[in-house]
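Any read-out appearing in this document is the output of simple, stated calculations on the displayed coordinates, not a laboratory observation. Everything numeric in this text was worked out from a predicted model, so none of it was measured. Methodologically, a virtual Cβ is constructed for each residue, glycine included, from the backbone with ideal geometry; neighbour enumeration extends over all protein chains shown.
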Protein chains: 2
Amino acid sequence: MKLIALSKQPADPGAFDEAYFGKHLPLIQKVPGLHKTHITRFTRSLAGPGYYLMAEMEFADEAELKVAMKSPEMAAAGESLDSFAKGMYSLMFGEEQ
Amino acid sequence: MKLIALSKQPADPGAFDEAYFGKHLPLIQKVPGLHKTHITRFTRSLAGPGYYLMAEMEFADEAELKVAMKSPEMAAAGESLDSFAKGMYSLMFGEEQ
C-alpha cells in the first residue's frame, strides 16, 4: 500500500525544492512503517492538469499506513508541507496492481 | 524516464476497467521501447483533486520515450484511451530521482 502525494507546479521551484528536500522529506523519512520513498520529477506535461513532483511512500499494508497517518511524525511532516505548499497538493492511498 | 498517466474517477468504474484493462493496456504493451508498466489503483483521497488510476510506463531514457510517442502503436493506444476517457486524464513525462 502506498501513500501518494502529487504537488502542483510551485511559483518558485527553487524555494519549493529547498523546503521539500531540505525540510519535508527528512521528516517523512522518520514516519514509522515507511519502507521506501520514490520521488518522481515531472519534466513535461502533454495532456490535462500537470504536476511538479510526485512522492510514492511504500508501507507494508493498509493497517501500517493507517498507523503512520496517525503518528506524530506524519503530523510534523504534514505541517512542514503545509508551511510552503498548502492547497497545492493531492494526497491519496493507492495499491499497485 | 517514465510516461505517467493519471485518470480521473470515471462515472462508470466497471465500464472504465473493462475498456482500460481489456483494450487500452494490451495496446500500450505493444509500444516499442516500453520496459515495464506499473498500475496503481487509488483507494482513498485525503487532500486535493483525487484520481482513479495511475499508469507509470518505463523507458530507458528520454530518446526512447520520444520515439515511442511518435510510434503508430502509441497513436493506437492514445486513440483507444480517448474513446472512453477523453479529457479525463493527465499525461506527463517524469524522471525518478
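Exactly one condition in (1) more than 10 Å from chain B (Cβ to nearest Cβ); (2) within 12 Å of the chain's Cα centre (by Cα) is not met by residue A:40; state its number.
Residue A:40 satisfies every listed condition except (1).
Out of curiosity, is residue A:10 in contact (Cβ under 8 Å) with a residue 24 or more places away in the chain and more than 17 Å from residue A:93 (Cβ to Cβ)?
The answer is yes for residue A:10.
Conditions tested, residue by residue: (1) acidic (Asp, Glu); (2) within 9 Å of chain A (Cβ to nearest Cβ).
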site	(1), (2)
B:35	no, no
B:44	no, yes
B:52	no, no
B:58	yes, no
B:62	yes, yes
B:65	no, no
B:71	no, no
B:80	no, no
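Where residues in the stretch A:1-28 are in contact with an Asp or Glu (Cβ under 9 Å, 6 or more places away or on another chain) and farther than 25 Å from residue B:87 by Cβ, which of them is farthest from the other protein chains (Cβ to nearest Cβ)?
Among residues in the stretch A:1-28 that are in contact with an Asp or Glu (Cβ under 9 Å, 6 or more places away or on another chain) and farther than 25 Å from residue B:87 by Cβ, the one farthest from the other protein chains (Cβ to nearest Cβ) is A:27.
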